[in-house]
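The values are calculated or read from the model by the stated rules, or taken from the named source; none is laboratory data. Keep in mind it's a predicted model, so treat the numbers as computed, not measured. Using ideal geometry, Cβ is built from the backbone for each residue, glycine included, and neighbour counts are taken over all protein chains shown. Surface accessibility is based on the protein's heavy atoms, side chains included, excluding ligands, DNA and RNA. Shrake-Rupley method; radii C 1.70, N 1.55, O 1.52, S 1.80 Å.
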Amino acid sequence: SLEISHSASMGRGVMATEDIRPGQVLVVEDPYVSVLNGKKYDLRCYFCSSRNFAMIACETCTYVMYCNEECRTKSWNLGHKFECHIMPRLVHMSFGPLVLVSMRILLKAKSQHSSWDVMFKMIESIEKETDPKLKGFTLDTDNVSTYDVDKYAPIYMLENNMEKWDENS
């Protein structure tokens, strides 16, 4: 029902190739990273964002809560082990979600590569792709271009619209 397309004015996107019924599920994917609004740390699971009235705390910091041990462990392994030690500063300095998302993306991207050099080589290789439809695709084990939403390459190649940002805001 869908195909990847590219236009000069809109960039890369997904285009319907046939009529789509209202309510028809086309794609389901988990976010690469997510963050909670700081005001929700005590109301929602820091990992999955679900609401729970019997939360468990991080074993190291007093800032975040989890709905269960599985979420606490996954969060720790995906980067809270680094955030945890600087949570007091992050909370005190009132960093917004954009700063936290950026930090999480960096932490997850680094965790997916054995070294910074390996990560930078991957970035160099995807930047060399000339077909705009394939920007952010990586080669799988069969040497086939694959769009894997759990990898850093598609995130790195997202349009950033930097030319539209107001440097004063």
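Going through region 13-38 one residue at a time, which ones are of a type in the set (Val, Ile, Thr) and either part of a strand (DSSP E or B) or closer than 30 Å to Leu107 by Cβ (or both)?
Val14, Val27, Val28, Val33, Val35, listed by residue number.
What are the pairs with Cβ atoms under 8 angstrom where one residue, in region 92-109, is assigned to a helix (DSSP H, G or I) and the other, located anywhere, is open to solvent by 40 Å² or more (accessible area, probe 1.4 Å) and modelled with pLDDT under 80? Sequence gap at least six, or different chains.
From region 92-109, the pairs are Pro97/Asn37.
Return the residues of region 149-166 that are assigned to a helix (DSSP H, G or I) and in contact with a helix residue (DSSP H, G or I) (Cβ under 8 Å, 6 or more places away or on another chain); say none if nothing qualifies.
Scanning region 149-166 gives Tyr152, Ala153, Ile155, Tyr156.
Among the residues of region 115-131, what is the count of those that are in a helix (DSSP H, G or I) and either among the basic types (Lys, Arg) or open to solvent by 50 Å² or more (accessible area, probe 1.4 Å) (or both)?
The number of residues fulfilling the criteria is 8.
So, in region 25-42, how many residues would count as being loosely packed, with under 14 Cβ neighbours inside 10 Å and free of Cβ contacts under 8 Å to residues at least 12 places away in the same chain?
4
So for region 137-160 (the condition being aliphatic (A, V, I, L, M), in contact with a strand residue (DSSP E or B) (Cβ under 8 Å, 6 or more places away or on another chain) and surrounded by fewer than 17 Cβ atoms within 10 Å (Cβ to Cβ)), does at least one residue qualify?
Checking region 137-160: at least one residue is aliphatic (A, V, I, L, M), in contact with a strand residue (DSSP E or B) (Cβ under 8 Å, 6 or more places away or on another chain) and surrounded by fewer than 17 Cβ atoms within 10 Å (Cβ to Cβ).
With respect to the numbered conditions (1) within 25 Å of Ile4 (Cα to Cα); (2) at pLDDT below 90; (3) not polar (S, T, N, Q), which one is the sole condition not fulfilled by Trp165?
The failed condition is (1).
Within region 1-12, does at least one residue satisfy the condition of being assigned to a loop (DSSP other than H, G, I, E, B), among the acidic types (Asp, Glu) and open to solvent by 60 Å² or more (accessible area, probe 1.4 Å)?
no
With respect to Thr73, is the statement that it is polar (S, T, N, Q), open to solvent by less than 90 Å² (accessible area, probe 1.4 Å), more than 16 Å from Gly38 (Cβ to Cβ) and not in a helix (DSSP H, G or I) true?
In short, no.
If you take the residues in region 77-114 that are in contact with a Phe, Trp or Tyr (Cβ under 9 Å, 6 or more places away or on another chain) and open to solvent by 50 Å² or more (accessible area, probe 1.4 Å), which one is nearest to Asn37 (Cα to Cα)?
Val91
Looking only at region 47-70, how many residues end up being surrounded by 13 or more Cβ atoms within 10 Å (Cβ to Cβ) and in a loop (DSSP other than H, G, I, E, B)?
12
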